[in-house]
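Have a look at the structure below before the remarks.
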Amino acid sequence: MQTFDGLKANITDQDRGRWLDVVEPWDGKPIGVRLLIAGPDSDTQRKARVEMMDNLAEAADTEGKVSFETREKLRVFCLARCVLNWDIAAAFGLDLPFGQAAVVKILQFGWLQQQADEFAGDRSKFRSEAV
């Protein structure tokens, strides 16, 4: 059974992130991209969600509507905020320093974005290492 302090420690642990080895969707082979992603209960993800909600509120028109394009852009931006670092093999051909704009660039591939999104939301990937 987890203690309250243990649960709080897991949030801190999730802020350190875990590595996702991105694979091709066709054959499951690694593509040479690893993403360090903060866990779903981390402060990093919480802050990214709050920022996305603030941005959605700012983008709303007078009727409270936000276009699909804007919603999708802000969702991807939120996911990119949850990527803490990366390890990209030279063979991948991306010559950009790590940063949110660069992460958004690689998240343009739907299958890569899906892997990152699924990983970021999977609590089983962020079980405390002390457990």
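Any read-out appearing in this document is the output of simple, stated calculations on the displayed coordinates, not a laboratory observation. Everything numeric in this text was worked out from a predicted model, so none of it was measured.
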| request: Express in % the proportion of alpha carbon pairs of the chain at distances exceeding 27 Å. | output: 27 percent
| query | Setting aside same-chain residues fewer than 8 positions from K29, which lysines have a Cα under 20 Å from its Cα? | reply | K125
| field | Helical contribution to [θ] at 222 nm, DSSP H n ≥ 4, -39,500 (n - 2.57), averaged over the chain, rounded to 500 | value | -15000 deg cm²/dmol
| field | Qualifying lysines (Cα of each under 19 Å from Cα of K105; at least 8 residues distant if same chain) | value | K73
